[in-house]
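Peer 1: Handing you this structure, nothing more for now.
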Amino acid sequence: NITIKINGMDVSAPAGSTILEAARLAHVEIPTLCFLKDMNEIAACRICTVEINGGKMAASCVYPINPGMEVKTNTPKLRDYRKKTLQLILSNHDRSCLSCVRSGNCELQTLCKELGVDVDDYYDGAKTPSTPDESAAHMVRDNSKCILCRRCSAVCEKVQGIGVIGPNERGFATVIGSAFDKGLGETSCVSCGQCIAVCPTGALYEKSSIDEVAAAIADPSKLVIVQTAPAVRAALGEEFGYSIGTNVEGQMVAALRRLGFDKVFDTNFSADLTIMEEAHEFIDRVQNGGVLPLITSCSPGWIKYCEHYFPDMTENLSSCKSPQQMFGAIAKSYYAEKMGLKPEDIVSVSVMPCTAKKFEIGRDDQDANGSPDVDYSMTTRELARMIKQSGIRFTELPDEDFDTPLGLGTGAAVIFGATGGVMEAALRTAVESLTGEELERPDFTDVRGTEGIKEATYRVGDLDVNVAVASGLGNARELLNRVKSGEANYHFIEIMGCPGGCVNGGGQPQQPGFVHNTTDIRGLRAKVLYDVDAAKTIRKSHENPAIKELYETYLGEPGSEKAHHLLHTTYVK
Ligand code: HC1
């Protein structure tokens, strides 16, 4: 360890630490804006500047500590410097904060308030010209709100391995954009929304479906049903002041009912259905010499990535639609028939932790009943906004239960929202189906946890089944390259587009950089789902009574012609 002085106090920190890290050990918070640990350590914004050894200015996020160093983090000179830095950022910023989607949750706004920026047009002058880019299906990029922190391009390139956005031009003309300034919709962006999740301001945001959904709810001729993804219940509470890792399933259901949805259902139901179809497909491929490894297909960002970047592996993809889409297809067929309705009488809404789901609903072959399986896909954030707009006092709501039968899900389904969960759920069903024996314990803990790549081998009957799990597209690329080179040999792979899986999806509540840098956000949210699973009496998809009834009365067997028509899809190269 090295001992330094921070604000006159002795602080001991491991050699190699930055001043920012050492200060945190001493419970001193230095403000940051562009800094994201392990992802964006570029000292671009200079907000974290400190004084060292009696006056030299240094960016604490990258400056390493040295023995005997004396650091000051909060002098009048620094406060003035930081204030001026913020005023310079504001001079080239669209300050229409009242109408901004991030108002109240903007890191620039918060810093200006905390650091006492009282004159926001001090350096006003020319602004870098920009026009919002609305070309993508899922999001808008508005460079007039961009502060060039480069968090978005860092996550896109370094974590997702895609790099479709980055700085163009130089100096005052610098803008974040795509190659040749193409619209995002014309690039190989996969719609994962990780850039939105880390944006500190209102420069990046999802395209909203709130008005369309509200209009459908107000239309008495429509039955408006909603499904909520597994991971939404693990994060929605953060928008209402609950700590990260709080399960708000019951209050979420109550809020959706009060918003006026006619039926409140659960994507967990169709996650169980996905397992029935996918486990059947896996067993069929293993027994009949089909293409292996089988790779899961629920994450639309991953699917688009595979089509763009690994087109020679699309035959490895499961033909199963995602649970979101399976839900919609069943709602507009089986459920519509039960209710005596036509598919077009139903408006099918989903709430997802994901922005790529907005793209998925418009893909080809996602309209099994001649009408879109899902009409509108909203993010967790949009749901929170809708609840706030409607005057519902979320924290005071009682817990309520989902409607039946499409609201029934098992423990296997709820863990879909965490990396490794789909694999574990599939194994619970595939192993019992292959061996004909009941599992003593349905836990496959080797595939749990937030590491980017996980591997395990399970003895199933007389077969050693090699499985792998990857989350985040940079990790997916690494894993697939191992498969292609012959270095690894798997039977079954789960891939989720977002690091940590859907709990960390691009549509989840945004947490400030400080929280990203100091908290295991995805781990805390995943724990919610594993706790729900552990507390359930039914923890295997094939034991879901609503799913059994669906097969007995409507679909026949997994993989049946009807199941294929409604629940499976194809891919493009
Ligand atoms: Fe997901 Fe899925 S787990 S993809 O992350 O397979 O979005 O939560 O709904 O469809 O079930 C997302 C989550 C979600 C689907 C399921």
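Peer 1: Just the residues that are part of a helix (DSSP H, G or I) and surrounded by fewer than 16 Cβ atoms within 10 Å (Cβ to Cβ), please, taken from the stretch 111-122.
Peer 2: Lys113, Glu114
Peer 1: Could you pull out the residue among Val347, Val351 that is closer than 30 Å to Asn105 by Cα and part of a strand (DSSP E or B)?
Peer 2: Val351
Peer 1: On to the next question. Here is a check on your reading of the model: is Ser299 within 13 Å of the ligand (Cβ to nearest atom) and open to solvent by 10 Å² or more (accessible area, probe 1.4 Å)?
Peer 2: It is true that Ser299 is within 13 Å of the ligand (Cβ to nearest atom) and open to solvent by 10 Å² or more (accessible area, probe 1.4 Å).
Peer 1: Restricting the stretch 408-438 to residues that are small (Gly, Ala, Ser) and surrounded by fewer than 20 Cβ atoms within 10 Å (Cβ to Cβ), which is farthest from the ligand (Cβ to nearest atom)?
Peer 2: That would be Gly436.
Peer 1: Could you tell me how many of the residues in the stretch 354-373 are open to solvent by less than 30 Å² (accessible area, probe 1.4 Å), touching a residue at least 60 places away in the same chain (Cβ under 8 Å) and assigned to a loop (DSSP other than H, G, I, E, B)?
Peer 2: 4
Peer 1: Still on this structure, I have one more. Among the residues of the stretch 537-558, count how many are crowded, with 16+ Cβ neighbours inside 10 Å and either aromatic (Phe, Trp, Tyr) or within 24 Å of Ala418 (Cα to Cα) (or both).
Peer 2: Count: 11.
Peer 1: Let me ask you something else. Filter the stretch 123-169 down to residues that are over 18 Å from Cys45 (Cα atoms) and of a type in the set (Ser, Thr, Tyr) and give me whichever is most open to solvent (accessible area, probe 1.4 Å).
Peer 2: Thr131
Peer 1: Among Ala58, Ala22, which is the only one that is part of a strand (DSSP E or B), at pLDDT 95 or above and open to solvent by less than 10 Å² (accessible area, probe 1.4 Å)?
Peer 2: Step by step, each of Ala58, Ala22 is checked, and only Ala58 is part of a strand (DSSP E or B), at pLDDT 95 or above and open to solvent by less than 10 Å² (accessible area, probe 1.4 Å).
Peer 1: What number of residues within the stretch 187-232 are away from the ligand (no atom under 16 Å from the Cβ) and among the aliphatic types (A, V, I, L, M)?
Peer 2: Looking only at that region, the number is 12.
Peer 1: While we're here: So which residues in the stretch 349-377 are within 11 Å of the ligand (Cβ to nearest atom) and in contact with a strand residue (DSSP E or B) (Cβ under 6 Å, 6 or more places away or on another chain)?
Peer 2: Ser350, Val351, Met352, Thr355, Lys357, Lys358, Ile361, Val374, Ser377
Peer 1: If you don't mind, there's one more thing I want to ask. Can you pull out the residues in the stretch 25-54 that are open to solvent by less than 30 Å² (accessible area, probe 1.4 Å) and in a loop (DSSP other than H, G, I, E, B)?
Peer 2: Ile30, Pro31, Thr32, Leu33, Cys34, Phe35, Ala43, Cys45, Ile47, Cys48
Peer 1: Name the helices (runs of 4 or more DSSP H) wholly within the stretch 200-308 that hold at least 2 residues that are in contact with a Pro (Cβ under 7 Å, 6 or more places away or on another chain) and of a type in the set (S, T, N, Q)?
Peer 2: 267-287
Peer 1: While we're on this one: In the stretch 61-89, how many are open to solvent by less than 10 Å² (accessible area, probe 1.4 Å), without any contact (Cβ under 8 Å) to a residue 40 or more places away in the chain and either out of contact with any Lys or Arg (no Cβ under 9 Å at 6 or more places or on another chain) or among the polar types (S, T, N, Q) (or both)?
Peer 2: Count: 1.
Peer 1: Also, I was wondering about something else. Which one of these is modelled with pLDDT of 95 or more, buried (at least 24 other Cβ atoms within 10 Å of the Cβ), of a type in the set (Lys, Arg) and over 28 Å from Tyr334 (Cβ atoms): Arg381, Arg385?
Peer 2: Arg381
Peer 1: Taking Gly391 as the residue in question, decide whether it is part of a loop (DSSP other than H, G, I, E, B), of a type outside the set (A, V, I, L, M) and either touching a Phe, Trp or Tyr at 6+ places or on another chain (Cβ under 6 Å) or touching a residue at least 24 places away in the same chain (Cβ under 8 Å) (or both).
Peer 2: For Gly391, the condition - part of a loop (DSSP other than H, G, I, E, B), of a type outside the set (A, V, I, L, M) and either touching a Phe, Trp or Tyr at 6+ places or on another chain (Cβ under 6 Å) or touching a residue at least 24 places away in the same chain (Cβ under 8 Å) (or both) - is not met.
Peer 1: Give all pairs with beta carbons closer than 7 Å in which a residue from the stretch 291-313 that is of a type in the set (A, V, I, L, M, F, W, C) meets a residue that is open to solvent by less than 20 Å² (accessible area, probe 1.4 Å) and more than 16 Å from the ligand (Cβ to nearest atom); count only pairs at least 6 apart in sequence or on separate chains.
Peer 2: Val291/Asn316; Leu294/Asn316; Ile295/Asn316; Cys306/Met313; Cys306/Thr314; Phe310/Leu480; Met313/Leu480
The values are calculated or read from the model by the stated rules, or taken from the named source; none is laboratory data. Everything numeric here is computed off the predicted structure, so don't read it as measured data. All Cβ positions, even for glycine, are placed from backbone atoms using ideal geometry, and neighbour counts span all protein chains on display. Just the protein is used for accessible areas: all its heavy atoms, side chains included, with ligands, DNA and RNA removed. Shrake-Rupley method; radii C 1.70, N 1.55, O 1.52, S 1.80 Å.
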